[in-house]
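Asks: What follows is a structure written as C-alpha cells; I'll ask about it next.
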Amino acid sequence: MRGWLKKQGLALCAGAACVLLASGAAQADSLIDNVNGMTLDSEGNVIRFTAMLVDDDGRVKQLLDRRDKRPRDVDFQFDGKGQTLIPGFFDAHGHVMGMGFGALTLDLSGTKTLAEALARIAQYAADNPSRQWIIGNGWNQELWGLDRFPTAAELDAAVPDRPVFLSRVDGHAAWVNGAAMTAAGVSASSKAPSGGTIEKVGGKPSGIFVDAAMDLFNDAIPAPKPAERDLALGKAQDILLANGVTSIADMGTTMQDWQSFRRAGDKGQLKIRIISYAGGIDDMIAIAGPSPSPWLYDDHLKLAGVKLYIDGALGSRGALLKQPYADKPGESGLAMLTSAQLKNKMSRAAMDGFQTAVHAIGDKANDEILSAIEELEITYKGDRRWRVEHAQIIDPADISRFAATGTIASMQPVHQTSDRLMAEARLGPARLNGAYAWKSLLDSGAVLAFGTDVPVESSNPFPGLAAAMTREDAAGQPFGGWMPAERLSREQAWQAYTVGAAYAAFAEDRLGSLEPGKRADFLIIDQDILLATPAQIREMQVMQTWIGGKPAYVRN
C-alpha cells in the first residue's frame, strides 16, 4: 500500500490516523481488487462485487465479481485483502463550519453535571488567557439533570473577567455571562426579536437567549478571520473523512462559509463534497445569483438551495406545537416565520429554481410547511423535491402529506435516542405516535434522507444506522426499542444515509452509490455491514476513505 501511494504522489503521516493529499498527476484506470464490495441501487437492492474499475476521472467504470476477468491494462491496482468496501456516506444535514469551529473551541458535550461543565469552562478560560471571548458549544441541561436552564450568575462564578457565549447542543439557545451581556448592550429593558426569547429571572435576563434572541450578540462577538475559517474547514474535513462521510449537505451556508469553500477548492484542498443550502434568501442571491450554481471542482461543491427556519428546537421549547408543552402548559413554541413570510421566501427561491429546505420540528411547524408546499406546488411545477429538515414531531394525520407532495423527510436517527426522555417530558405520552416516525413515513411512500445534524451530534454515521435499526441507545435502552414499530431494516437505514441523501440533493446521478458512471467515493471498513449486529455497527471503524478513486484518509 505504501509503495502504491508513493506512485500516486501521496504522503503518509505518522500517528494513529492521517489525512492524505492527492497529487494532481494524471491517473489512468485503476483496479480496486480483492474486496468484499457492496452497494445499493436506486431501489435499495444490494449489489455485491469483488472488484471495481475506476476511470481516470474518478468515476466507477465497472463492477466485477469473482468470475469476471480482471483487466490487465490498468495503471494502478489496489489489493483490498478481502476487506469490506461500501459507498461513502452522504450526510443529508450538517453544519460544516459549525463543526470545524466547534472542534477548535470549548466543547461541553459529554458533561454530565452543571458543576462538571463549569469546571471545564473555568479551565478552558485559564488555558486561553489571550482570548477576548470564550466561545463554546455542546451544553445540554437535560443531561445535567436540571429542571431549568443554567444562569449567567453561575457562569460569572467560573469566568468573571471576560465575555462568555456558549451555544446549546442544538444551536437554538445560548448561555452567556454578565460580561457578554454588558458587551452586547443587553439589559433588563432589552426586547427579544421576533422568533426569539430572552429568559428572565426577577425581570432581568437570566443568561439564556433562545433562537433569534441569540442574534443580539452578533455585533459584539469578534468575527473569525479568513485564516481561522480556513483552519476550521480543514478540521471539519479531517473529522468527516475519518468518520466515512464523503458528501454532506451544508445547511445554512453563509457568504463567508462559501468563500472558505471556494478558497479550499481553488487550492485543491476541498476533499469532501459539499452541497450548500444558503442561510437565507440574501445569502442565496449573494452566493449564486439568478440560479443554483453549477457543480464546481469536479463535483466537490454546489449551491443547491436555501435553508429556512419555521420553528426552534424541542430542548429549548422553541419547537412549534399544535398544543401546549406538557411540561410547560403556557408555551407552545416559537414561530420563526409567519405563514405568509414562509410562503413568500419559498416562492422567491422556487421562482429561480432553488430548492428549499425548511427546518420544522414541532407538529404545528410540520403542518405549516406542508400547507405551504401544497399551495406552492400549484404554481411551481416539476421535480421540486421540497425538503423538511428534522420532521421530528408530526401529527399522524399529516404523515401521508409528505409523499402526496413529493416532500423529502430529512431526518437524523441519533436525535431519537438523544431526545427520547426529553420528548416524553415535552409532549406527554398521548402525542408520541408521530415522533421520529421513520417507518410510517417510508411506508406512506415518502423519501427518507438521513444525516447527523453535526455538530449537534457526532458526524459518525454508524451510531445513526444502529439507532435507525433498533431505536435503542448505546446502552441498549429501552430494551426492544422506543416505539419499535418505527424501526427500519438494515437496508432501509443504509439507503437513507446514501442513495436517499443523494436524491434529496439532486445528486443521485453522480453520488450515493457505486454504480457505473458515479463518483468512486468509498470506504474500507473493519466489518461486514450486512452481517454485523447493530451493536457491532455502532462500533465500526473506517479504515480508509477514498474520494474520486483516490485515498483521502487512512487509519494506520
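Asks: For the range 140-164, enumerate the residues that are among the hydrophobic types (A, V, I, L, M, F, W, C) and either part of a helix (DSSP H, G or I) or within 21 Å of Lys204 (Cβ to Cβ) (or both).
Replies: Those that are among the hydrophobic types (A, V, I, L, M, F, W, C) and either part of a helix (DSSP H, G or I) or within 21 Å of Lys204 (Cβ to Cβ) (or both): Leu146, Phe149, Ala152, Ala153, Leu155, Ala157, Ala158, Val159, Val164.
Asks: Follow-up. I need a count of the residues in the range 381-402 that are of a type outside the set (D, E, K, R), crowded, with 17+ Cβ neighbours inside 10 Å and outside any strand (DSSP E or B).
Replies: 6
Asks: Let me ask something additional. Could you list, in sequence order, all residues of the range 519-551 that are touching a residue at least 12 places away in the same chain (Cβ under 8 Å), part of a loop (DSSP other than H, G, I, E, B), of a type outside the set (Val, Ile, Thr) and open to solvent by less than 20 Å² (accessible area, probe 1.4 Å)?
Replies: Ala520, Asp521, Met540, Gly548, Gly549 - these are the residues of the range 519-551 that are touching a residue at least 12 places away in the same chain (Cβ under 8 Å), part of a loop (DSSP other than H, G, I, E, B), of a type outside the set (Val, Ile, Thr) and open to solvent by less than 20 Å² (accessible area, probe 1.4 Å).
Asks: On to the next question. Inside the range 29-65, can you point out the residues that are open to solvent by 10 Å² or more (accessible area, probe 1.4 Å), within 17 Å of Gly512 (Cβ to Cβ) and among the β-branched types (Val, Ile, Thr)?
Replies: Listed by number, the residues that qualify are Val46, Ile47.
Asks: Here is a follow-up. Does Ala242 fit the bill of being open to solvent by 10 Å² or more (accessible area, probe 1.4 Å), modelled with pLDDT of 95 or more and closer than 27 Å to Ile274 by Cα?
Replies: So Ala242 fits the description; yes.
Asks: Select from the range 483-518 the residues that are of a type in the set (Asp, Glu) and assigned to a helix (DSSP H, G or I) and list them in ascending order.
Replies: Glu486, Glu491
Asks: List the strands (runs of 3 or more DSSP E) inside the range 193-255, counting only whole elements, that have at least 1 residues being within 25 Å of the chain's Cα centre (by Cα) and farther than 22 Å from Arg168 by Cβ.
Replies: 245-253
Asks: From the residues in the range 355-369 that are touching a Ser or Thr at 6+ places or on another chain (Cβ under 8 Å) and surrounded by fewer than 24 Cβ atoms within 10 Å (Cβ to Cβ), which one is farthest from Ala397 (Cα to Cα)?
Replies: That would be Glu368.
Asks: Is there any pair with a first residue in the range 333-352 that is in a loop (DSSP other than H, G, I, E, B) and a second that is surrounded by fewer than 23 Cβ atoms within 10 Å (Cβ to Cβ) and hydroxyl-bearing (Ser, Thr, Tyr) whose Cβ atoms are under 7 Å apart and which are 6 or more apart or on different chains, and what are they?
Replies: Listed pairs, sorted by first residue: Leu334/Thr197; Asp352/Ser291.
Asks: List, please: which pairs have Cβ atoms under 9 Å, are six or more places apart or on different chains, and start with a residue in the range 357-382 that is within 18 Å of Gly280 (Cβ to Cβ) and end with one that is open to solvent by 40 Å² or more (accessible area, probe 1.4 Å) and in a strand (DSSP E or B)?
Replies: Val358/Tyr309; His359/Tyr309; Ala360/Tyr309
Asks: Residues to consider are Lys69, Lys112; find the one that is over 31 Å from the mean Cα position of the chain (by Cα) and either at pLDDT 95 or above or not aliphatic (A, V, I, L, M) (or both).
Replies: After ruling out the rest, the residue left standing is Lys69.
Asks: Spot the failing condition for Gln83; the list is (1) at pLDDT 95 or above; (2) over 30 Å from Phe49 (Cβ atoms), and only one is missed.
Replies: (2)
Asks: Follow-up. From Ala212, Ala180, Ala242, which residue is farther than 30 Å from Ala505 by Cβ and of a type in the set (A, V, I, L, M, F, W, C)?
Replies: Unique residue meeting the criteria: Ala180.
Asks: Being open to solvent by less than 40 Å² (accessible area, probe 1.4 Å) and β-branched (Val, Ile, Thr) is the filter here; which residues of the range 440-493 pass it?
Replies: Thr452, Val454, Val456, Thr470
The values are calculated or read from the model by the stated rules, or taken from the named source; none is laboratory data. Remember, predicted model here, so these are calculated numbers, not experimental data. Cβ sites come from the backbone with ideal geometry, for glycine too, and all protein chains shown count toward neighbours. Protein only, heavy atoms only, side chains kept; ligands, DNA and RNA dropped before computing areas. Shrake-Rupley method; radii C 1.70, N 1.55, O 1.52, S 1.80 Å.
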